[in-house]
Amino acid sequence: PNVDTMLKYVGLCDYTHLFGWSASKTYGDWGDYGHYDETVGGKEYFRDNIRQVQEKGIAVSLYIDGYLSSAKGQSAGAHAEEWAMKDPDGSPQYVKEYDSYNECPYLTGWQDHLSEAYRRVHQDLDTKILYVDEYGATDGRWKCHAKDHGHNGYEIPYAGEVAMLKRLREAVGPDVALYTEYPPAEVSRQYLDGSITYQALWSADQEPLAPHFIDLPRFAFPDFKQLHIIYYVANRAGNWWLLKYPFFNGEVYRIGVPNLPGMDEPSLAFLKRAIEIQCAHRDAFASRDVEPLVPTEVPGVFANRFSTPKENVWTLYNANGRSVSKPVLRVKHARGATYEDAWSGKPITPEVKSGQALVSPELGPKGVGGVVQKLP
């Protein structure tokens, strides 16, 4: 159903994520990740369904949590309290709404169990992507006060996450994409392929300080892919404007059910066009040759560059409250190069002077755009 919804409303789908696939009434929602007969109709049935989707070029991502473990679990439940992070009074950190414990990633027992779960799930189901929920945040929502877990007495368990992620990578090998809920610090990225991000949503009230909404880590670590979650409700009546910023930064939209069917025509039209452009220029947006905030000819117009040997793509954002009709980019011209307004799909004939092309794409007020330079 997730894939069908994406294809119906957007026309393209790169991957689908399955949350709750392992939730067990008998053994709890977290920790075991295996009771296939109870949860997904059996291992072979589930594996075959995954195979059919992935053979269509749509990768399957499976949900696993990096912290939570249920005391009812068959394989780890007996250790759920033992491995739990400790509250200031020394009690195990229990999460009532999940009926589970937050396990400390420093502990070898939890590392052994979770890395084996990832290895087994990958071996059993052959998915291309595995998720590590809740990992990556460094803001103190997860704290451990234990004095015997191999860390200092009171610690945000970030170094423990790094150690765990190393174990997970070793368990699944180099060909499985691993991603976390939050963009982690640099040291974790050597073991990961990407993360979800809420950057556009969380920075919405910072527009006076950063009117371009640039996501600089995306350019510092171009191999690390960030998937934007922006809205938790369907976009209607003009509330879709933050959808502009993943496009401007050349990043991924993480969208789907239940929001897509409720989006109104303007928001859906914008989303479809943004994704069409990204997919039409996949190699450029996946390139390591990227540059944020390249110089522009108009104050308040911002541009990023994404390049391959065959083309240069610039994404544009006009932070001004009025349209811009004069040249906004001055780029190096190559004999025989052609130019296109990426958003409209129309060719652009730039003014060429002294080996430089002055390019004038269409840019509305607070609008995004793009320029493609095809190289001979």
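The values are calculated or read from the model by the stated rules, or taken from the named source; none is laboratory data. Just so it is clear, the structure is predicted and the values come from calculations on it, not from any experiment. Don't worry about glycine lacking a Cβ; one is built from the backbone with ideal geometry, like all the others, and counts go over all protein chains shown. Side chains included, ligands, DNA and RNA excluded: accessible areas come from the protein's heavy atoms. Shrake-Rupley method; radii C 1.70, N 1.55, O 1.52, S 1.80 Å.
List of remarks:
- All conditions in (1) crowded, with 20+ Cβ neighbours inside 10 Å; (2) touching a Phe, Trp or Tyr at 6+ places or on another chain (Cβ under 6 Å) hold for residue 142, with the sole exception of (2).
- Residue match in the range 191-211 (condition: in a loop (DSSP other than H, G, I, E, B), at pLDDT 95 or above, open to solvent by less than 10 Å² (accessible area, probe 1.4 Å) and farther than 30 Å from residue 319 by Cβ): no
- If only residues of the range 249-260 that are closer than 16 Å to residue 198 by Cβ and either among the hydroxyl-bearing types (Ser, Thr, Tyr) or outside any loop (DSSP other than H, G, I, E, B) (or both) are counted, the one that is most open to solvent (accessible area, probe 1.4 Å) is 252.
- Neighbours by Cβ (under 6 Å, 6+ apart or cross-chain): first from the range 177-195, closer than 16 Å to residue 133 by Cβ; second open to solvent by 40 Å² or more (accessible area, probe 1.4 Å) and assigned to a loop (DSSP other than H, G, I, E, B): 177/193; 178/193; 179/193; 195/183
- Residues within the range 236-248 that are loosely packed, with under 14 Cβ neighbours inside 10 Å and either hydrophobic (A, V, I, L, M, F, W, C) or within 15 Å of the chain's Cα centre (by Cα) (or both), tallied: 1
- Among the residues making up the range 214-272, those that are touching a Ser or Thr at 6+ places or on another chain (Cβ under 8 Å), closer than 26 Å to residue 135 by Cα and among the aliphatic types (A, V, I, L, M) are 227, 229, 243, 257.
- Verdict on residue 137 being of a type in the set (Gly, Ala, Ser), buried (at least 16 other Cβ atoms within 10 Å of the Cβ) and modelled with pLDDT of 95 or more: no
- Residue check for residue 266: open to solvent by 30 Å² or more (accessible area, probe 1.4 Å) and not hydroxyl-bearing (Ser, Thr, Tyr): yes
- Enumeration of residues in the range 212-226 that are more than 16 Å from residue 293 (Cβ to Cβ) and buried (at least 18 other Cβ atoms within 10 Å of the Cβ): 224, 225, 226
- So residue 280, is it open to solvent by less than 50 Å² (accessible area, probe 1.4 Å) and either modelled with pLDDT under 95 or of a type in the set (A, V, I, L, M) (or both): no
- When we screen 155, 161 for residues that are touching a residue at least 12 places away in the same chain (Cβ under 8 Å) and under 19 Å from the mean Cα position of the chain (by Cα), the only hit is 161.
- Residues within the range 300-343 that are surrounded by fewer than 18 Cβ atoms within 10 Å (Cβ to Cβ) and in contact (Cβ under 8 Å) with a residue 40 or more places away in the chain, tallied: 11
- Of all the numbered requirements in (1) crowded, with 20+ Cβ neighbours inside 10 Å; (2) on the phi > 0 side of the Ramachandran plot, residue 275 misses one, and that requirement is (2).
- Listed by first and then second residue, the pairs with beta-carbon distance under 9 Å, at least 6 apart or on different chains, first residue in the range 100-125 and closer than 20 Å to residue 26 by Cβ, second part of a strand (DSSP E or B) and open to solvent by 30 Å² or more (accessible area, probe 1.4 Å), are 100/94; 101/92; 101/94.
- Only one entry of 374, 346, 353 meets the criterion of being free of Cβ contacts under 8 Å to residues at least 24 places away in the same chain, under 30 Å from residue 14 (Cα atoms) and more than 28 Å from the chain's Cα centre (by Cα), and that entry is 346.
- Inter-residue pairs, beta-carbon under 7 Å, first under 15 Å from residue 245 (Cα atoms) and open to solvent by 10 Å² or more (accessible area, probe 1.4 Å) and in the range 356-370, second part of a strand (DSSP E or B) and hydroxyl-bearing (Ser, Thr, Tyr), 6+ apart: 368/315; 368/317
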